[in-house]
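Here's the structure, in structure tokens; my notes come after.
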Amino acid sequence: MDTQDAQEPHRPTQQPPTGPQDALTDVPGLRVGHAQRTDDGWLTGTTVVLPPPEGAVPGVDARGGAPGTRETDALDPKNLVERIHAVVLSGGSAYGLDTASGVMAWLEEQARGVPVGAHPSQVVPVVPAAVIFDLGRGGRWTARPGAQMGRQAVEAAAATEPGAPVAQGCVGAGTGAVVGGLKGGTGTASVRLDSGTVVGALVILNAAGSAVDPATGALYGELAGGRPCLPSQDRHTDAEQRRSQAQRETAERTAGSLRPALNTTLVVVGTDAALTRPQAQRLAGSCHDGLARAIRPIHLMHDGDTVFALSTAARTLADGELNQVLAAGADAVTRAVVKAMRAATSVDGPGGVFPSYSELYGGQGG
């Protein structure tokens, strides 16, 4: 090895091409809708990913010791369901699974679902759902999403134009999200392969672990990409002091002082590549690698980290392209975590003090 080359600093890697919005909605046919509430002791919300009326080929992979899910068994490739009609991500812990009922009701009205009778209206929508733990973070333990908020989120998704931008930060299911004592939230990103195939990811970042390297203040997800935006040493020191103060203040408020921490990060990854159900399940599993690059530690006993994969099957998968899709999915997830951290805004309410990364460390990137 050339000695001079070995001593050169690491050069940042070039970000792969993205879709126009750098979002999950760059996958043609996928829409995203949010609903949330932040007043009167509320700090929670729901996000719905809506595929085309014919549905999408699904996969799922749940890790960690505390998943909160609905209809995920139906997605197993050995079972009957070929396509699903929406994915629901919500706050509210297990109570929040009721949001899927509101989504199912709307889908039934649109005659979207598995046909089960002679009349076109006789359908059963397949709506898998997963939840994060955010109970009490707005101050009221009983302030949690239900069927009405689920309906609001799916109606918001249906009302968007194809390829619309996706709101990020403290919106939808990410409204009450927290990661490592900082404010978490919603983030999204996409990758466009040379073939034109698009892979996009939407992340609800609510982890027991941290997304920030304590030694430098850099986001792990940017370190993984080779392009960290490091805060100055003075700003890093000030940020750590503010972070410690916020954690002490939160611990004094009963709604936000649960120990051990209860969390969960949720992901929907989508592609227009035509995947089989086993391939979609493999994509969901590979995307956990993207979480592991950006959050440390991950998949703990009090996390229920769940990844859903959706294929709209609009483009034929080229020979050898599956591995590129798997890698792109993991990369999109890592960047979506970074974007969630940078888009989040601070919360200081009766349920806790959760400063944002941008407030503490500043900087640009993602």
Here segment 349-358 yields Karplus 3J(HN,Hα) values (6.51, -1.76, 1.60; θ = phi - 60°; whole Hz; Gly and Pro given as x) of x, x, x, x, 10, 10, x, 8, 4, 5
Given the options 205, 283, 300, which has the most mean-square fluctuation in a GNM of the chain, springs set between C-alpha atoms less than 10 angstrom apart? 300
Shape metrics for segment 182-227, restricted to C-alpha atoms - Rg then Dmax, Å: 13.5, 40
Roughly what % antiparallel, to the nearest 5, for the DSSP beta bridges in the chain? 80 percent
Could you work out the relative contact order of the chain, using alpha carbon pairs under 8 angstrom and six or more residues apart, expressed as a whole percent? 24 percent
So what are the three principal axis dimensions of segment 271-366 from its Cα atoms, in whole Å, longest to shortest? 51, 32, 21
Under the rule of at least 5 residues apart or a separate chain, name every residue whose amide H is placed under 5 Å from the amide H of residue 183. 356, 357
In segment 39-176 the DSSP beta bridges are antiparallel at a rate, in percent to nearest 5, of 75 percent
Scaled radius of gyration (Cα, divided by 2.2 N^0.38 Å) that the chain gives: 0.96
So what's the back-of-envelope 222 nm ellipticity for the chain, counting only DSSP H runs of four-plus at -39500 (n - 2.57) apiece and dividing by all residues, rounded to 500? -8500 deg cm²/dmol
Can you check what the net charge comes to around residue 61, using other residues whose Cβ is under 14 Å from the Cβ of residue 61 (Lys, Arg +1; Asp, Glu -1)? -2
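Throughout, read-outs are computed from the coordinates displayed, never taken from laboratory work. For clarity, every value in this text was computed on a predicted model and none was experimentally measured. Heads up, the Cβs are rebuilt from the backbone with ideal geometry, glycines too, and the neighbour counts pull from every protein chain shown.
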